[in-house]
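The values are calculated or read from the model by the stated rules, or taken from the named source; none is laboratory data. Computed from a predicted structure; not experimentally measured. A quick note on method: Cβ atoms are made from the backbone with ideal geometry, for glycine too, and the neighbour counts reach across all protein chains shown. Ligands, DNA and RNA are excluded from the accessible area calculation, which covers all protein heavy atoms including side chains. Shrake-Rupley method; radii C 1.70, N 1.55, O 1.52, S 1.80 Å.
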Amino acid sequence: MAQLLITGGAGFIGSHTCLVLLEAGHDLVVLDDFSNSSPESLKRVRQLANLEGSSPRLQVVEGDIRSKSDLRKGFRAGKGIDAVIHFAGLKAVGESVREPLRYWDVNVAGSQSLLSVMQEENCRTLAFSSSATLYGLPERVPVTEADPVQPINPYGFTKAAVEQMLEDLSSSEQGWRIARLRYFNPVGAHPSGQIGEDPNGIPNNLFPFVSQVAVGRRQELKVFGNDWPTPDGTGVRDYIHVMDLAEGHLAAIQHLMEQRPQLLTVNLGSGQGHSVLEVVQAFEKASSRPVAYQLVERRPGDAATTVADPSLANRLLGWQTKRSLAEICRDGWSWQSQNPEGYRGS
Ligand code: NAD
Ligand code: UFG
């Protein structure tokens, strides 16, 4: 079993992945500055994994990835870090348009500082949270890893820049084992409803917005366009259950540690598309609550349809999604209904 450093491990995808990694027997050091998360998520991960509060299997270092001394603290907290999963970063498209320098600083400079400290510490195994956002407005669907990288917003450019940095690094020096994991639309929650997505303020994304309407925190969803070239006219996306995504990280890290050094680039998606109205209907069914909505103008920068071709991940990692949209909504509702105010309510 390995010891892993998880940057951003208290966040939405990080917390679910920590649980899956602990259950698989790995020991973890989480480095997070809690700028977009709460230590409560990790407390709950400990409970779900049946760990004592002081268990050395999950250590937490509060720190910033842009600070090399914080990163060194993360490395020193362990007995010897074998690999890193790098979730820490900023992810809101609109905010990235308003504050591009902050996005380049945290996402790009932060990743660069992490990679320098990994070099110093002689740790060369890394899984990086990339995003389908770097495909921009895809020319065809399903999207394969060979399709052009053509971001259309600063957030997407920062992900593309880090992907390039990783490619340059792995060609400059032998021994790097790197996975660039391009997530599609991560949603849902752990089936216990104890951990889940806890956005700050008004959610930008469909799924948390729909759950907050169902629980009564928001009045109605605005559906951005019903004139898209899709079966019901609303946008189609590849929604992936966050537990499937977490299992994808376990598969990727195991693959990297077992196989020869390599640079791997894989889509993590289900290969299935669902429209906005399908998500609304599935959520109403799972929650037995109405989700009021209003049809409004298209949102600038949106694509009609984005769906992954996940066959490479299946072939290389033996991974594929197992959970349906109905399960996504069931688990998302379990989290939202038990934690209507997210972690702030605890
Ligand atoms: P999240 O905001 O819930 O988690 C990110 C975590 O990183 C948070 O705990 C935050 O406190 C921490 N963090 C932010 N800046 C930091 C810094 N400077 N130093 C240390 N910690 C810092 O987001 P998430 O949804 O879990 O996303 C995780 C990663 O996956 C991000 O890199 C994101 O860009 C990427 N991603 C997310 C999605 C999505 O839709 N959720 C899709 C594709 C890719
Ligand atoms: N939508 C609405 N109303 C809302 C929010 C969204 O109708 O209030 C629609 C969108 O127009 C789109 C679909 O719901 O058709 C999904 O939108 P999201 O904002 O949930 O997701 P996106 O696919 O636009 O983008 C998200 C992240 C990106 C990331 C991408 C793939 O915001 O950063 O998933 O991972 F790159």
Selection from the stretch 141-196 of residues that are in contact with a Ser or Thr (Cβ under 6 Å, 6 or more places away or on another chain) and away from ligand 1 (no atom under 16 Å from the Cβ): VAL141, TRP176, ARG177, GLY193
Within the stretch 224-243, restricting attention to residues that are outside any loop (DSSP other than H, G, I, E, B) and in contact with a Leu (Cβ under 8 Å, 6 or more places away or on another chain), which residue is nearest to ligand 2 (Cβ to nearest atom)? ARG237
Can you confirm whether GLY216 is touching a Phe, Trp or Tyr at 6+ places or on another chain (Cβ under 7 Å) and either buried (at least 23 other Cβ atoms within 10 Å of the Cβ) or not in a helix (DSSP H, G or I) (or both)? no
For the subset of the stretch 23-35 comprising residues that are open to solvent by 10 Å² or more (accessible area, probe 1.4 Å) and under 19 Å from GLY80 (Cβ atoms), which member is nearest to ligand 2 (Cβ to nearest atom)? ALA24
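For the stretch 42-70, give me the residue count where each residue is open to solvent by less than 70 Å² (accessible area, probe 1.4 Å), outside any loop (DSSP other than H, G, I, E, B) and within 17 Å of ASP27 (Cα to Cα).
As a first pass, look at the stretch 42-70 and keep what is open to solvent by less than 70 Å² (accessible area, probe 1.4 Å): 42, 44-46, 48-49, 51, 53, 55, 57-61, 63-65, 67, 69-70.
With the extra rule that they be outside any loop (DSSP other than H, G, I, E, B), the set shrinks to 42, 44-46, 48, 58-61, 69-70.
Restricting the remaining residues to those that are within 17 Å of ASP27 (Cα to Cα) gives 42, 44-46, 48, 58-61.
The number of residues fulfilling the criteria is 9.
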Scanning the stretch 274-302 for residues that are in a loop (DSSP other than H, G, I, E, B) and away from ligand 1 (no atom under 16 Å from the Cβ), the one least open to solvent (accessible area, probe 1.4 Å) turns out to be VAL291
Evaluate the following for ARG102: is it open to solvent by 50 Å² or more (accessible area, probe 1.4 Å) and touching a strand residue (DSSP E or B) at 6+ places or on another chain (Cβ under 6 Å)? no
Could you tell me whether the stretch 125-137 includes any residue that is more than 16 Å from ligand 1 (Cβ to nearest atom) and surrounded by fewer than 21 Cβ atoms within 10 Å (Cβ to Cβ)? yes
The lone exception for ASN204 - which of (1) near ligand 2 (Cβ under 9 Å from one of its atoms); (2) under 22 Å from SER15 (Cβ atoms); (3) assigned to a helix (DSSP H, G or I) it fails: (3)
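Mind telling me which of the residues ILE195, ILE152, ILE178, ILE202 ends up being in contact (Cβ under 8 Å) with a residue 60 or more places away in the chain, of a type in the set (A, V, I, L, M, F, W, C) and surrounded by fewer than 21 Cβ atoms within 10 Å (Cβ to Cβ)? Break it down into steps so the answer makes sense when it comes.
On the way: ILE195 fails: surrounded by fewer than 21 Cβ atoms within 10 Å (Cβ to Cβ); ILE178 fails: surrounded by fewer than 21 Cβ atoms within 10 Å (Cβ to Cβ); ILE202 fails: in contact (Cβ under 8 Å) with a residue 60 or more places away in the chain.
It is ILE152.
Among the residues of the stretch 295-309, which ones are of a type outside the set (Ser, Thr, Tyr), within 13 Å of ligand 2 (Cβ to nearest atom) and under 30 Å from ILE253 (Cα atoms)?
Quick first cut of the stretch 295-309, residues of a type outside the set (Ser, Thr, Tyr) only: 295-304, 307-309.
Narrowing further to those that are within 13 Å of ligand 2 (Cβ to nearest atom): 295-304, 307-308.
Within the stretch 295-309, VAL307, ALA308 meet the criteria.
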Within the stretch 155-175, is even one residue within 25 Å of ASP238 (Cα to Cα), out of contact with any helix residue (DSSP H, G or I) (no Cβ under 6 Å at 6 or more places or on another chain) and within 11 Å of ligand 2 (Cβ to nearest atom)? no
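Condition first: closer than 24 Å to GLY175 by Cα, open to solvent by 40 Å² or more (accessible area, probe 1.4 Å) and either touching a residue at least 60 places away in the same chain (Cβ under 8 Å) or more than 16 Å from ligand 2 (Cβ to nearest atom) (or both). Can you find one or more residues in the stretch 80-91 that meet it? Walk me through how you get there before you give the answer.
At the first step, the residues of the stretch 80-91 found to be closer than 24 Å to GLY175 by Cα are 80-88.
Filter once more, so that each one left must be open to solvent by 40 Å² or more (accessible area, probe 1.4 Å): 82.
From what's left, either touching a residue at least 60 places away in the same chain (Cβ under 8 Å) or more than 16 Å from ligand 2 (Cβ to nearest atom) (or both): 82.
Yes, because at least one residue in the stretch 80-91 is closer than 24 Å to GLY175 by Cα, open to solvent by 40 Å² or more (accessible area, probe 1.4 Å) and either touching a residue at least 60 places away in the same chain (Cβ under 8 Å) or more than 16 Å from ligand 2 (Cβ to nearest atom) (or both).
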For SER337: the one exception among (1) in a helix (DSSP H, G or I); (2) crowded, with 20+ Cβ neighbours inside 10 Å: (2)
Matching residues in the stretch 244-273 (outside any strand (DSSP E or B) and within 20 Å of the chain's Cα centre (by Cα)) number 18
Taking the stretch 1-22, which residues are buried (at least 24 other Cβ atoms within 10 Å of the Cβ) and within 16 Å of ligand 2 (Cβ to nearest atom)? GLY8, GLY11, PHE12, GLY14, HIS16, THR17
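Here are some residues: ALA88, ALA77. Which one is at pLDDT 95 or above and more than 19 Å from PHE157 (Cβ to Cβ)? Reasoning before the result, please.
Working: ALA88 fails: more than 19 Å from PHE157 (Cβ to Cβ).
Only one candidate qualifies: ALA77.
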